[in-house]
Amino acid sequence: MTMTLSQQVITLACVVFATVLTRFLPFLVFPKNRPIPKFLQYLGKVLPGAVFGLLVIYCLKNVSLLSGSHGIPELIAILVVVALHLWKKQMLLSIAGGTVVYMLLVQFVF
């Protein structure tokens, strides 16, 4: 099913509006002269770790230790991510490095 031109314009307008709203709303709700509530400061500290924990669990949920490669490529990729992050302290480099190592292991080794 294809969208008509008017449907495409309305969809694009909604996407632009939502993007602008999510970019500017925090600055409107929390201007510089108002302190950020303690609850939001707490969430800012604990949510990143919780999100990464959920991502790790999600990525490893289908790993079978009893068949195939026994989770070895996943373990090696995790070790690469941890090593890169401890060495360079750059999240994107760690994620990219682990992803590249995992893909190379799956494609060429296992």
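The values are calculated or read from the model by the stated rules, or taken from the named source; none is laboratory data. As the structure is a prediction and not an experimental result, all values here were calculated from the model. Surface areas here come from the heavy atoms of the whole protein model, side chains and all, with no ligands, DNA or RNA. Shrake-Rupley method; radii C 1.70, N 1.55, O 1.52, S 1.80 Å.
Kindly sort Met1, Met91 by accessible area of their heavy atoms, largest first, with the probe set to 1.4 Å. It would help to have the intermediate numbers written out before the result.
Values: Met1 235, Met91 100 Å².
Largest to smallest exposure gives the sequence Met1, Met91.
Please report the equivalent ellipsoid semi-axes of the chain, computed as sqrt(5 x eigenvalue) of the Cα gyration tensor, largest first, in whole Å.
Each semi-axis is the square root of five times an eigenvalue, giving 37, 26, 13 Å.
So, with a 1.4 angstrom probe, what is the percent of accessible area on the chain that is carbon and sulfur?
C and S atoms contribute 76 percent here.
Stretched out fully, how many nm does the piece from Ala18 to Thr2 gain, at 0.36 nm a residue minus the Cα gap?
3.5 nm
Report Rg (one decimal) and Dmax (nearest whole number) for the stretch 65-110, counting Cα atoms only, units Å.
Values for the stretch 65-110 (Cα only, Rg and Dmax): 11.2, 34 Å.
In what sequence, largest accessible area first, do Arg23, Arg34 appear using a 1.4 Å probe?
Most to least solvent-accessible, the answer reads Arg23, Arg34.
Using the heavy atoms of the protein chains and a 1.4 angstrom probe, tell me the accessible area per residue for the chain in square angstrom. Could you put the intermediate results ahead of the total?
Values: 9510 Å² over 110 residues.
Per-residue value: 86 Å².
Using the alpha carbon gyration tensor of the stretch 3-48, what are the three equivalent-ellipsoid semi-axes (square root of 5 times each eigenvalue), largest first, in whole Å? Each step should come with its number before you reach the end.
Values: eigenvalues 229, 37, 5 Å².
Equivalent ellipsoid of the stretch 3-48: 34, 14, 5 Å, largest first.
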